[in-house]
Amino acid sequence: MKNIQTTFFIFLFAIQAVSLFGQRDIVLVHGFGDNNTAWNVYQPFLRNNLNNPRNVFRTEYNTTQGVQFGVNRVDTQVFSPSNRSIAIGQSMGGIVARELDRQQPNVNYGGIITLGSPNRGGVILNALQNGTIQGELNEGCREMGDAIGSSLIAIAVDMPFTNNPVFFTLQGVFAWAGGIIIGFRNRLCDELINVVNANLPTNDSPQTVADLSEGSNIIDLLNNTNTPSFKIGVFGVENSPVHMRVLGSLQNDPFAQQLDVSNTDEEMVNTFNQVIDVFNTLGSVFGTIAIVQAINAIWNWPLLIPAAINAWAAYECYDAVFWLLRSESRWHQVIGAGGFFTERRLMQIWTSACRQQLDEVLSQWERGLISAAQMRLIRQTIISNPTCFENAVVDVLMPINNESDGLFNAGTQRIPNDPFDERHVVNERVDGVNHREFYNHFNMTAKFREIFNGNTLANPFFITQ
């Protein structure tokens, strides 16, 4: 009877232990420029669709005041943070959660999930500070201005010359508008960039931009401090043209969308393609007219003037198309989506003593002191000696391959791994999600289910079922 009671109590304890293992408070930390309404979709999902989380908190902080300000605010808003809690931070929110964890390890969170956060520093923010993005926008404005202005002048020239006041007025309007755009293009573009620049975070949030930039003190401290909390870095990989898709999502309100409904990021893509089609068509029309006029100028030389204007307009239209087609690759360069990022790995390397032995054997063979067969035999003996290897953390270059969520490249979004514990830090890819869609995209919903159901390589700490 005593054995039965003991077994029964052990069984009840096991059930309670499993239940406690799955129970997690979840703390949601929004990103730059957002507020806690950003979690309108995922707070009820995390509360109602996962069996065991006890509470799902939404924090609020002013994102323009820098990471430390966010850390202080978030730390005071959640009354039960503990090593049983999970923090989920989007973009800047992930950095705030990690920095709070770094400052108070073993106190705040047992697990952190970052969504599209610049965990290795945001290259795009460096580009904002050094003016690279402003320069790209200014160049694009000038290219579009040249194409539109020259097209208006060419249309005015190609309109039939009659005494009809309507046609005469239209010719004047087109020619005047085209001349204004061409003549004042530089000033117009400079004014436009001033307006854009005034609304960029480098002006109203310089501390935040500095904190999140590549090479900042906060980023370096985070990536050189290994806290006990388990971490998952979710990085988004949006489809091309990524710069148009993220722009489309920025103009829509993601917080009003229902669960499993992504933003309509095709809207700007369609507009982008339509603009290319318009300039291609105009270029073809003006080019054809220029050829016809140039041929007829053999007999009527004054036609060389409109032929030259049409040829100029055709060139500017094709040049605008060329710039638009290159804009995707140029955006990749601006956000650092290309080349490599560094990953720390625990690997076996040669000890210095054995490396010297190998060098000496090679030197003896090169000087003819030993034969090739002897050299190979000695090398094999050295290589077979297990004491010739030692464990060391080595920096390995990993390719990015132009993958990004539109603002941060895939390498930047990854949390540096822990080479001594493969499941301490795990990075999870989510396809088709740009930087604004981490709040509501159906692929992000599926990724949450995978993580909390234990269907990823992440530590079992994150299992909530």
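Quick notes on this structure:
- Distant-in-sequence amide contacts of PHE341, defined by a placed amide H-H separation under 5 Å and a gap of 5 or more residues or a different chain, comprise MET398, ILE400.
- Given charges at Cβ of Lys, Arg, Asp, Glu: the chain dipole, positive-most of HIS435, ILE298, HIS424: HIS424
- Considering only beta bridges that DSSP places wholly inside the chain, some 30 percent are antiparallel.
- The residues PHE341, PHE452, sorted by heavy-atom accessible surface at 1.4 Å with ligands and nucleic acids left out, run PHE341, PHE452 from largest to smallest.
- If the segment from ASN239 to ILE383 were pulled out straight at 0.36 nm per residue, it would be longer than the present Cα-Cα gap by 47.2 nm.
- For the stretch 259-350, a/c is not less than 1.5, where a ≥ b ≥ c are the root eigenvalues of the C-alpha gyration tensor, and a/b does not top b/c. That puts it in the oblate class.
- Cα shape, the stretch 402-465, gyration tensor, a/c 1.5 rule: oblate
- Under the convention that each Lys and Arg Cβ holds +1 and each Asp and Glu Cβ holds -1, the size of the dipole of the chain around its Cα centre is about 1440 debye.
- Isolated Cys residues of the chain, judged by Cβ distance under 4.7 Å to other cysteines: CYS317
- The chain, accessible surface, carbon-and-sulfur percent (1.4 angstrom probe): 58
- Working from label points 7 Å from Cα in the Cα-to-Cβ sense, the LEU346 to ASN72 distance is 3.9 nm.
- Per residue, the chain exposes 49 Å² of solvent-accessible protein surface, assessed with a 1.4 angstrom probe and all protein chains in place.
- Scalar couplings 3J(HN,Hα) for the stretch 331-341, obtained by applying the Karplus form with A = 6.51, B = -1.76, C = 1.60 to θ = phi - 60°, are 5, 4, 5, 4, 8, x, 8, x, x, 9, 10 Hz; x denotes Gly and Pro.
- Taking packing as the residue-averaged number of other Cβ atoms within 10 angstrom, the listed peptides 218-231, 187-200 run from highest to lowest as 218-231, 187-200.
- Backbone geometry of the stretch 400-413 corresponds, through the Karplus equation with coefficients 6.51, -1.76 and 1.60 at θ = phi - 60°, to 3J(HN,Hα) couplings of 8, 6, 6, 8, 7, 9, x, 10, 10, 5, 4, x, 5, 6 Hz, x marking Gly and Pro.
- Simple point charges give the picture: +1 on the Cβ of Lys and Arg, -1 on the Cβ of Asp and Glu, and for the stretch 73-228 a dipole about the Cα centre of about 360 debye.
- Positive minus negative residues near THR342 (Lys, Arg vs Asp, Glu; Cβ under 11 Å): +2
- Calculated Rg and Dmax of the Cα atoms in Å (choose from [x] 21.2, 63; [y] 21.5, 67; [z] 30.6, 119), label: [z]
- Listed residue (ALA38, ASN108, LEU28) projecting farthest to the positive dipole end of the stretch 28-159, Cβ model: ASN108
- The calculated FRET efficiency for the pair GLU266 and ALA372, based on their C-beta separation and a Förster distance of 51 Å, comes to about 0.20.
- Amide H contacts of VAL56: ILE26, each under 5 Å away and 5 or more positions distant or on a separate chain (H built 1.01 Å from N in the peptide plane; Pro and chain starts excluded).
- Using alpha-carbon coordinates, inclination of helix 266-296 to the longest axis of the chain, degrees: 30
- In this Cβ point-charge picture (+1 for Lys and Arg, -1 for Asp and Glu), the stretch 357-445 has a dipole of about 300 debye about its Cα centre.
- Helix axis angle, 2-22 relative to the chain longest principal axis, alpha carbon, degrees: 20
- Once the Cα atoms are used to define both axes, helix 165-183 deviates from the longest principal axis of the chain by about 50 degrees.
- Available extension along the chain between SER284 and ASP431 is 49.2 nm, counting 0.36 nm per residue and deducting the alpha carbon span.
- Cut-off 10 Å between beta-carbons: net charge of the residues surrounding ASN459, Lys and Arg +1, Asp and Glu -1: 0
- Cβ-defined net charge surrounding PHE286, 11 Å radius [Lys, Arg +1; Asp, Glu -1]: -2
- Positive-end extreme of charge dipole, the chain - chosen from ILE155, ASN126, GLY287 (charges on Cβ): ASN126
- Long-range amide H partners of GLU428 with built H, under 5 Å: GLY233, VAL234, PHE235
- Ellipticity at 222 nm from helices only: DSSP H runs of n ≥ 4 in the chain, each -39500 (n - 2.57), divided by the residue count, give -17000 deg cm²/dmol.
The values are calculated or read from the model by the stated rules, or taken from the named source; none is laboratory data. Keep in mind that this is a model prediction, so the values were computed, not measured. Cβ atoms come from the backbone with ideal geometry, glycine included; neighbour counts cover every protein chain shown. Ligands, DNA and RNA are excluded from the accessible area calculation, which covers all protein heavy atoms including side chains. Shrake-Rupley method; radii C 1.70, N 1.55, O 1.52, S 1.80 Å.
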